[in-house]
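To start, the structure under review is shown below, and the notes come after it.
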């Protein structure tokens, strides 16, 4: 191997190493920035989970155990709701098209979703009934602040303002 070839190889190797080190350091810096700029809800966990943040540790554990205990059942139920809704929407392309069947299938999916959510809400209310008034108030505040639909009305109004008027 000639001296010139060796110099070229060393230069290319040095350039690649500098590039890779820069990419890793840049990725770490950007990752740190994004981690610190995430919204508070994203850092604290899912809304129902984060609602217990103000409870005493033993009550927080009991509340989260309640949520954990039904998580698989709720996840499976919501997955089946999503699949049913997807199938109902796909039914719009069927020939012959049956609008009544599509509405019936969508209503059934919505009813199942409502039942699942009502079950979770009911178990949270039952848990809250066993808490002292001050802790129940803290849980209520956490649930009200971290509710997924919080601010939805405001976002809908902003969206309407952005939409052009229909002729």
Would you point out the residue of segment 1-37, among those that are exposed (fewer than 10 other Cβ atoms within 10 Å of the Cβ) and under 29 Å from residue 53 (Cα atoms), that is modelled with the lowest pLDDT?
-> 37
Filter result for residue 43 (surrounded by 10 or more Cβ atoms within 10 Å (Cβ to Cβ) and modelled with pLDDT under 85) | yes
Looking at segment 121-135, is at least one residue assigned by TED's automatic domain parsing to the domain that holds residue 53, within 20 Å of the chain's Cα centre (by Cα), without any contact (Cβ under 8 Å) to a residue 12 or more places away in the chain and in a helix (DSSP H, G or I)?
-> yes
Kindly indicate whether any position in segment 84-101 is within 21 Å of the chain's Cα centre (by Cα), exposed (fewer than 14 other Cβ atoms within 10 Å of the Cβ) and part of a helix (DSSP H, G or I).
-> yes
Has segment 102-112 got any residue that is in the same structural domain as residue 140 (by TED's automatic domain parsing) and either within 18 Å of residue 139 (Cβ to Cβ) or outside any helix (DSSP H, G or I) (or both)?
-> no
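The values are calculated or read from the model by the stated rules, or taken from the named source; none is laboratory data. This one's a predicted model, so the numbers in the text were calculated from it and none came from an experiment. Every residue, glycine as well, gets a Cβ built from its backbone with ideal geometry; the counts of neighbours run over all protein chains shown.
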